[in-house]
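Trainee: This is the structure, below, for whatever I ask next.
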Amino acid sequence: MRIRGRVTGKTVDALVMVGFVLGAIYVLGRLWVDPNGRYLTLNFQDSFTFEWFLTHATELFTKGESPFFSDDINAPLGVNLMANTSVLTLALPLTPVTLWLGAGVTFAFISTLALAATAIAWYWVLTREFGRSRPAATVGAAFLGFAPAMTSQIAGHPNIAGQYFIPLIIAAVFRMRHPGNVWRQGLWLALLVVLQAGINEEMLFFTAMALFVFILAYVPWKQLPGFAKVLLPKCGVTLLVAGAVLAYPLYFQFTGPQHYSGLDAGVRAINLDAYSYVTFGRYSIAGDVAEAARLNKNNASEENGFFGWPLAIVLVAGAVALWRNRLSRALFITAALFAVFSLGDVIRFNGVEHTHVHGPWKWISKLPLFDSVVPTRLGLIVTVCVGVGLALLVDKLVVERLRPATVPAAAPALELEPALVGSGSSGEVSEQPPPPPVRGGEPAPRRSPKLALIWGIALLAALVPLFPTPQPATGRPPLPALFTNGNWRTKLPPNPVVAPLPGGWDDNIKMMRWSTETNFEVKLTAGYFLGPNDTEPDDKFAHFGPGYRDTIIYLSWVARQRTSPDVTEAQKAAIRADIKHWKATNLVMPVGYWNEKVLRETIDKLVAPDAAPSQVVDGVYLWDVRSISGA
């Protein structure tokens, strides 16, 4: 019977995990139809940028290029890849896939992995480490892998949605509460920290913040000295080992070329609307796209709340019902605190900014490291607390109330045994065998099928409306023929450096595909990345793309004119200065660009008489400006 039961349990585990994989494929199925020919509609800019990062990672093996820096875009200054989302933990081992099948396939794979593996990792931790039943773990893990915040982040942010190392890190930290195994446990946590740092450092920082708050709320204060005495030596091993491995990458990130210090004010102001926590998001079957866009300022990839009012009611009711449970109480406190933090500096409710009401994040965000946090993403911590809380709620209010009275109920997950974490306030650790886990005053659950049915129906009614919808995907617009099929090798000079014009936000994004398609054989003068403003030396905050030089600013004005304006000598001098700065061999503007006739005529005037008027070459207007730049 034991063997059969064990096999049955493993079969259930396998079926649940397969279900999570199929769920992730369902969410991203429209992308999988043609990964190299389609893109995620709601966040194409990050999709193209990740494909660029994935392709660049292959150059470590094919060309011996540094994985930390590149001047293939933003030439000649380059890009600090450690200060960007280069996902080296994934990009480097997946190099064969990228080279064989293309960056679009690799991007679709890591996006699918983000959802499926996160749910699987949480299921494993909830059942193996935190003592949750399989039904409870399935509900909790499904939410943690496919919550509205996760299906929002997967729209171009596989580094944020890919949280599969996070539950393992949390489990490793709580396993450290037991005395002994200092080096083994410290090394295991160090490995997880290094792997997570290579996917997303922000989520690692969030995990540290959340654990700090949770431990203070969960561990009885008298036991904190003993807890710290056992935990800190192991954390010291982790810090020593992970610090040694990450020392150079972090040094390069924070001091290397094109590093930056914190995010600019616009990004730091991206916060959650308080009303969004009780509203359905656009990615849920009950969601309203227009309402979600209104509440979240049309930021489709940062809907980090949006639990819906039914789940909000069930969560509050569950917190009240389980208030005497220490784990439930600590989860509620942690979630509530970070929900308030996610509202950012200025509180917004139902689409209205209350500029006279400031949240506590206004002062926290001024601290080092915290100045690099996007407040809305703190809602991801709330999502984790809710997911773990759902697993606890299912166990306590449904599963345990269905058990026969002769079957003893399990102790609360993560219950800390005093003998393991210290004795009273003295901080002395006992090596004696631990006594049976205690309930901390929580009454034993009574068998109550009717009450369990009521809670089960309430949970079902709250969670079904959150069932995710597939991510929209669209066919990619064609590229100019100059950048396909190797045409650039015959139509451009050797070692080309191309400046796309008129430049600006859209051009910076589109040129990432030009760079990827040419396998970085054509250097480009702009791009979509995080870096300092090169036109303002004192502005060290992170900006998207390079600073707007005089040429870009002037041509953005020209694009709105009906006829080509007369150009001045000062404007001619400005474009020459920019061409020399870029060390450009060519200027390029796609055929069919908005108001192309006016733009083309104006650029002809600006570069004359040193450079000839443009020629139409393989879908672009092309100017040879080597006579100006000296390239």
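Trainee: Among strands (runs of 3 or more DSSP E) lying entirely in region 542-631, which contain 1 or more residues that are over 30 Å from Thr255 (Cβ atoms), in contact with a Pro (Cβ under 7 Å, 6 or more places away or on another chain) and β-branched (Val, Ile, Thr)?
Mentor: Because the criterion is at least 1 residues that are over 30 Å from Thr255 (Cβ atoms), in contact with a Pro (Cβ under 7 Å, 6 or more places away or on another chain) and β-branched (Val, Ile, Thr), the strands (runs of 3 or more DSSP E) in region 542-631 that meet it are 586-590, 620-624.
Trainee: Identify, please: which residue in region 345-359 is closer than 9 Å to Asp273 by Cα and touching a residue at least 40 places away in the same chain (Cβ under 8 Å) and is, among those, least open to solvent (accessible area, probe 1.4 Å)?
Mentor: From region 345-359, those closer than 9 Å to Asp273 by Cα are 347-353; that's our starting set.
Filter again for touching a residue at least 40 places away in the same chain (Cβ under 8 Å), leaving 347-351.
On the way: Ile347: 32, Arg348: 6, Phe349: 103, Asn350: 60, Gly351: 38 Å².
Filtering first and then ranking leaves Arg348.
Trainee: Quick one: in region 253-264, which of the residues that are in contact with a Ser or Thr (Cβ under 9 Å, 6 or more places away or on another chain) and outside any loop (DSSP other than H, G, I, E, B) is surrounded by the most Cβ atoms within 10 Å (Cβ to Cβ)?
Mentor: Only one residue fits best here, namely Leu263.
Trainee: Given the options Glu400, Glu428, Glu442, Glu415, name the one that is open to solvent by 30 Å² or more (accessible area, probe 1.4 Å) and either modelled with pLDDT of 95 or more or among the acidic types (Asp, Glu) (or both).
Mentor: Glu428
So that you can scan it fast, the table gives a plain yes or no per residue for (1) within 18 Å of Pro468 (Cα to Cα); (2) of a type in the set (A, V, I, L, M):
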| site | (1), (2) |
| --- | --- |
| Trp122 | no, no |
| Ala149 | yes, yes |
| Pro158 | yes, no |
| Met176 | no, yes |
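Trainee: Do you know which of the residues in region 202-219 that are without any contact (Cβ under 8 Å) to a residue 40 or more places away in the chain and in contact with a Leu (Cβ under 9 Å, 6 or more places away or on another chain) is nearest to Lys234 (Cα to Cα)? Spell out how you get there, then give the answer.
Mentor: Residues of region 202-219 without any contact (Cβ under 8 Å) to a residue 40 or more places away in the chain: 204, 208, 212, 215-216.
Checking the rest, the ones that are also in contact with a Leu (Cβ under 9 Å, 6 or more places away or on another chain) come to 215-216.
Numbers: Ile215: 16, Leu216: 18 Å.
Only one residue fits best here, namely Ile215.
Trainee: If you scan region 322-370, which residues turn out to be over 23 Å from Val386 (Cβ atoms) and basic (Lys, Arg)?
Mentor: Passing the criteria: Lys362, Lys366.
Trainee: Let me ask you something else. Would you point out which residue out of Pro167, Pro135 is open to solvent by 30 Å² or more (accessible area, probe 1.4 Å) and at negative phi? Give the derivation first.
Mentor: Details: Pro167 fails: open to solvent by 30 Å² or more (accessible area, probe 1.4 Å).
Criteria check complete, one pass: Pro135.
Trainee: For region 511-536, give me the residue count where each residue is assigned to a helix (DSSP H, G or I) and touching a residue at least 40 places away in the same chain (Cβ under 8 Å).
Mentor: Initial filter on region 511-536 (assigned to a helix (DSSP H, G or I)): 511-517.
This time we only want the ones that are touching a residue at least 40 places away in the same chain (Cβ under 8 Å), so: 511-513, 515-516.
The total comes to 5.
Trainee: On to the next question. Can you name the number of the only condition in (1) of a type outside the set (S, T, N, Q); (2) more than 14 Å from Val498 (Cβ to Cβ); (3) in contact with a Phe, Trp or Tyr (Cβ under 6 Å, 6 or more places away or on another chain); (4) open to solvent by less than 30 Å² (accessible area, probe 1.4 Å) that Arg600 fails?
Mentor: It is condition (4) that Arg600 fails.
Trainee: Considering only residues that are charged (D, E, K, R), open to solvent by 50 Å² or more (accessible area, probe 1.4 Å) and in a loop (DSSP other than H, G, I, E, B), which ones fall in region 446-487?
Mentor: Arg446, Arg447
Trainee: Here's something else I'd like to know. For residues that are open to solvent by 20 Å² or more (accessible area, probe 1.4 Å) and touching a Gly at 6+ places or on another chain (Cβ under 6 Å), scanning just region 194-232, find the one that is farthest from Thr118 (Cα to Cα).
Mentor: Looking at the filtered set, the residue picked out is Lys222.
Trainee: If only one of Val21, Val105, Val16, Val97 is touching a helix residue (DSSP H, G or I) at 6+ places or on another chain (Cβ under 7 Å) and more than 23 Å from His157 (Cβ to Cβ), which one is it?
Mentor: On the way: Val21 fails: more than 23 Å from His157 (Cβ to Cβ); Val105 fails: more than 23 Å from His157 (Cβ to Cβ); Val97 fails: more than 23 Å from His157 (Cβ to Cβ).
The unique qualifying residue is Val16.
Trainee: Residues to consider are Ala14, Ala24; find the one that is closer than 30 Å to Phe467 by Cβ, part of a helix (DSSP H, G or I) and free of Cβ contacts under 8 Å to residues at least 24 places away in the same chain. I'd like the intermediate steps shown before the answer.
Mentor: Values: Ala24 fails: free of Cβ contacts under 8 Å to residues at least 24 places away in the same chain.
None of the other options fit; the residue is Ala14.
Trainee: Among the residues of region 293-310, how many are touching a Pro at 6+ places or on another chain (Cβ under 8 Å) and part of a helix (DSSP H, G or I)?
Mentor: 1
Trainee: Next up: Answer yes or no as to whether Gly19 is surrounded by fewer than 19 Cβ atoms within 10 Å (Cβ to Cβ) and in contact with a strand residue (DSSP E or B) (Cβ under 7 Å, 6 or more places away or on another chain).
Mentor: Numbers: surrounded by fewer than 19 Cβ atoms within 10 Å (Cβ to Cβ): yes; in contact with a strand residue (DSSP E or B) (Cβ under 7 Å, 6 or more places away or on another chain): no.
Answer is no for this residue.
Trainee: Here is a follow-up. Of all residues in region 494-510, count the ones that are assigned to a loop (DSSP other than H, G, I, E, B) and either aliphatic (A, V, I, L, M) or under 18 Å from Asp578 (Cβ atoms) (or both).
Mentor: Residues in region 494-510 being assigned to a loop (DSSP other than H, G, I, E, B) and either aliphatic (A, V, I, L, M) or under 18 Å from Asp578 (Cβ atoms) (or both): 5 in total.
Trainee: I've got another one for you. Would you mind finding the one in Val289, Val316 that is open to solvent by 60 Å² or more (accessible area, probe 1.4 Å) and touching a Lys or Arg at 6+ places or on another chain (Cβ under 7 Å)? Reasoning before the result, please.
Mentor: On the way: Val316 fails: touching a Lys or Arg at 6+ places or on another chain (Cβ under 7 Å).
It is Val289.
Trainee: What tally of residues in region 265-286 results from selecting those that are of a type outside the set (Phe, Trp, Tyr), touching a helix residue (DSSP H, G or I) at 6+ places or on another chain (Cβ under 8 Å) and either within 22 Å of Gly23 (Cα to Cα) or open to solvent by less than 40 Å² (accessible area, probe 1.4 Å) (or both)?
Mentor: 10
Trainee: Just checking: which of the helices (runs of 4 or more DSSP H) contained wholly in region 36-127 hold 1 or more residues that are open to solvent by 10 Å² or more (accessible area, probe 1.4 Å) and closer than 28 Å to Gly19 by Cα? Quick ask: steps written out before the conclusion?
Mentor: On the way: elements: 44-57, 59-62, 88-91, 95-101.
Qualifying helices (runs of 4 or more DSSP H): 44-57, 88-91, 95-101.
Trainee: Please determine whether any residue of region 557-576 is touching a Gly at 6+ places or on another chain (Cβ under 8 Å) and surrounded by fewer than 19 Cβ atoms within 10 Å (Cβ to Cβ).
Mentor: Taking region 557-576 and keeping what is touching a Gly at 6+ places or on another chain (Cβ under 8 Å), we get none.
No, region 557-576 contains no residue that is touching a Gly at 6+ places or on another chain (Cβ under 8 Å) and surrounded by fewer than 19 Cβ atoms within 10 Å (Cβ to Cβ).
The values are calculated or read from the model by the stated rules, or taken from the named source; none is laboratory data. This one's a predicted model, so the numbers in the text were calculated from it and none came from an experiment. Positions of Cβ are generated from backbone atoms using ideal geometry, with glycine treated the same way; all protein chains shown enter the neighbour counts. In case anyone asks, the SASA skips ligands and DNA or RNA and just uses the protein heavy atoms, side chains included. Shrake-Rupley method; radii C 1.70, N 1.55, O 1.52, S 1.80 Å.
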